[in-house]
Amino acid sequence: VQGTGGSSAVSKCSAAARGYIQDRFLRLLAGRRRRRAPLIHRGYYIRARAVDHCVRDFLLKTQSLPRTQILSLGAGFDSLYFRLKDMGLLHHTVVYEVDFPNVACQKATLIKRMKELSALVGDTGGEGLGAITFSGEDYKLLGVDLSELSELERALEEAGLNSEIPTLFIAEVVLTYMENTRSDALIQWAAEHFPQACFLVYEQVHPEDPFGRVMQQHFSQLSSALHSLAQYPGCEAQQRRFLGRGWTECSVMDMNEFFTCCVPEDEQQRVQTLEPFDEYEEWHLKCSHYFVLAASKGMEPSWTPLLPSVTVPRHAGPVGTAGSVPAAVCARLSGVPGLRRYGHHSVLIKSNVILTTGGFGEENGQHCRMRNFHVLSKRAGYWKAVCVTQNIPDKRWGERLYHTVSCLSDTLALVVGGRTSPSSTGLGMLWLKFPETCNASDPDEVAVELVSLQPAAEAAASRWRHSTTEMTFKGEQYLFVYGGRSALQPVLGDWYFLRAPELSCTAIAVEGPVPESRHSHSACSWEGGVLIAGGLGAAEQPLGSVFFLRELEHGFQWQTIETHPPLVPRYSHTAHVHEGKLLLVGGVWFHASSVPGVTVIDLMTGLCLDYVINVEHLEWPLMLHNHSSVFLPDEKELLVTGGGGNCFSFGTHLNPEPVTLSLSSILTSH
């Protein structure tokens, strides 16, 4: 548990070095320096921002009072006191910090050794009295085990904590490491002994979904199990926990809601542009698995730091489900190396033959960008997979993620766009040519040819997280490239009509209200036009709109498809059309109490039904984002390959084997 404090100090320090948080004291307290990944920077930014937001609100609301105090529980190597003191915010506030005796001693030694720190605090020589390891005018550092409540109470009393004045308790990822009976007792003790008090908590939530399972496993492996989660799995349970233990007011938000509602728009944009970033799914999942809670009692005026500055339409209540879809591991495909990947693309090249290309995954026990293709084919009811080498004229093919592959015939497919790193420019287009006999028993090689594009079509290829859809206009075959993002534009809303097979860029009139820019949406061919659903919009907010690009005599028209109940906004899903029904598979949404399963939208009536995926026959967490899916109409089932990603600092989870989702019950029942 003490180790988690050290590593979080290093992560905060790295985030400060990149400009996410303004804090010059972290580097003095963190000890070792390491540069962390952008995803980690964002995660620690939102944590620091939430705590800072609530602490400053407390100091602001109590600034006219003669005396207040802050008690930071399990403070570790946090720089809170020094930051507040440096900003001149502690005129009448004393800060008490408590942690394990050896952590408090280490921190005390650091403070004495560092001129910048000791000058701010002013050593009054009170250490050595009881549990005090360092004592200044307005700062006391105590070494005591939080789970021993009577010892804690005695140590705080000796250090001069005054239960009669307004007090803010801070527990930043602390309570969850304690046994629930002990943390509950601490929460109740604070309410009973302090007539005017506030309590701020930041910690994990939602242990049972796939990301939550990976998160729990990580902390168990560190021997620092998260105890709160079993008893208090959701934000509402945490709220009830405080209200049932003497606190009169309590508000709670997960970090997606906090970032959207309590961080000003210009600050959101500042953070989103600090460094190249392309891990939206993992960022939003991390945010849905942490919450900030503010409880209070006896405060006049009442303390409500979590009032949204902007109101965002929240998807109220749990998503109603119409039933479930069974998931099963694909027999005989388990253990095939190279099928554990994300950001790849799978396409049906002919009946019962699937080509999977690109992405990031696992080969020979190493994580890497995937160079090889895989062909899956079905014979006598069983899938078989084989890795296919390809003769590549340019090694740039290999390493692409978030590209599209469109099948133009039994022997020809087109790869559009994709990226290597998030700062890379587009990777152009490639022809993939395979023999007519191509299947997993006789794969042959796939010939790869770079497409020499006309300048007008180059912009169509310089993007990723876009869609490319086959469509027809006046009987001719076209590809419709839409949306996505590029190294320069975080979100695109433009489109191109590429006439097949020569890929000439054609101007075709389009009327109607233009959909807002998006990436990581889905697109399907339907009735000669294109259906666009969901995606991530300009402010990194999921979208719930569905559009149909409908063919007219002289061009096309954008039409909005109204869904009822409204489609829960999502992105990073896959989609298929079957007999007038749009099927959306998986994805990421902000609705934290469940993960997206399969949504069926009736394109005639707009009726929108959500089905959960029944994973009882899977022995591992099924992550349905950055996956690929192929719909097999004869069997009425989906074959899902890959999916997953970096689960914040908890490790990488890739779905280990392909899965089939049987839709026969839901498609026949409509």
Leu552 open to solvent by 20 Å² or more (accessible area, probe 1.4 Å) and either free of Cβ contacts under 8 Å to residues at least 60 places away in the same chain or touching a Phe, Trp or Tyr at 6+ places or on another chain (Cβ under 6 Å) (or both): yes
By residue number, the members of the range 80-98 that are open to solvent by 10 Å² or more (accessible area, probe 1.4 Å), over 19 Å from Asn162 (Cα atoms) and touching a residue at least 12 places away in the same chain (Cβ under 8 Å) are Arg83, Lys85, Asp86, Leu89
Scanning the range 255-296 for residues that are open to solvent by less than 20 Å² (accessible area, probe 1.4 Å) and among the acidic types (Asp, Glu) gives Glu275, Asp278, Glu281, Glu282
Exactly one of Lys112, Lys140 is open to solvent by less than 70 Å² (accessible area, probe 1.4 Å), in the same structural domain as Gly160 (by the TED database) and among the basic types (Lys, Arg), and that residue is Lys140
Within the range 357-373, the residues that are part of a loop (DSSP other than H, G, I, E, B) and either in contact with a Gly (Cβ under 7 Å, 6 or more places away or on another chain) or crowded, with 18+ Cβ neighbours inside 10 Å (or both) are Gly358, Gly359, Met370, Arg371, Asn372
Within the range 590-619, residues assigned to a loop (DSSP other than H, G, I, E, B), of a type outside the set (Ser, Thr, Tyr) and either open to solvent by 30 Å² or more (accessible area, probe 1.4 Å) or touching a Phe, Trp or Tyr at 6+ places or on another chain (Cβ under 8 Å) (or both) come out as Phe590, Val595, Pro596, Gly597, Leu603, Met604, Val615, Glu616, His617, Glu619
Among helices (runs of 4 or more DSSP H) entirely within the range 233-295, at least 3 residues that are touching a residue at least 24 places away in the same chain (Cβ under 8 Å) and among the charged types (D, E, K, R) occur in 280-288
Selection from the range 325-341 of residues within 19 Å of Val598 (Cβ to Cβ) and either among the aliphatic types (A, V, I, L, M) or open to solvent by 10 Å² or more (accessible area, probe 1.4 Å) (or both) yields Val325, Pro326, Ala327, Ala328, Val329
Selection from the range 99-109 of residues open to solvent by 60 Å² or more (accessible area, probe 1.4 Å) and not in a helix (DSSP H, G or I) yields Phe100
Looking across the range 575-589 at residues that are in contact (Cβ under 8 Å) with a residue 60 or more places away in the chain and surrounded by fewer than 23 Cβ atoms within 10 Å (Cβ to Cβ), the single one that is farthest from the chain's Cα centre (by Cα) is Glu579
In the range 203-222, anything open to solvent by less than 10 Å² (accessible area, probe 1.4 Å) and either assigned to a helix (DSSP H, G or I) or small (Gly, Ala, Ser) (or both) is listed as Phe211, Gly212, Met215
The range 434-514: strands (runs of 3 or more DSSP E) wholly inside it with 3 or more residues that are within 17 Å of Leu549 (Cα to Cα) are 467-473, 476-482, 495-499, 509-511
Contact list, first residue from the range 166-195 and over 24 Å from Ser79 (Cα atoms) and in the same structural domain as Arg154 (by the TED database), second anywhere and assigned to a strand (DSSP E or B) and β-branched (Val, Ile, Thr), beta-carbon distance below 8 Å, six or more apart or interchain, is Phe194/Thr167
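The values are calculated or read from the model by the stated rules, or taken from the named source; none is laboratory data. On a predicted model such as this, the values are computed, not experimentally measured, just so you know. Heads up, the Cβs are rebuilt from the backbone with ideal geometry, glycines too, and the neighbour counts pull from every protein chain shown. For the accessible areas, the whole protein counts, side chains as well, though only heavy atoms, and no ligand, DNA or RNA atoms are used. Shrake-Rupley method; radii C 1.70, N 1.55, O 1.52, S 1.80 Å.
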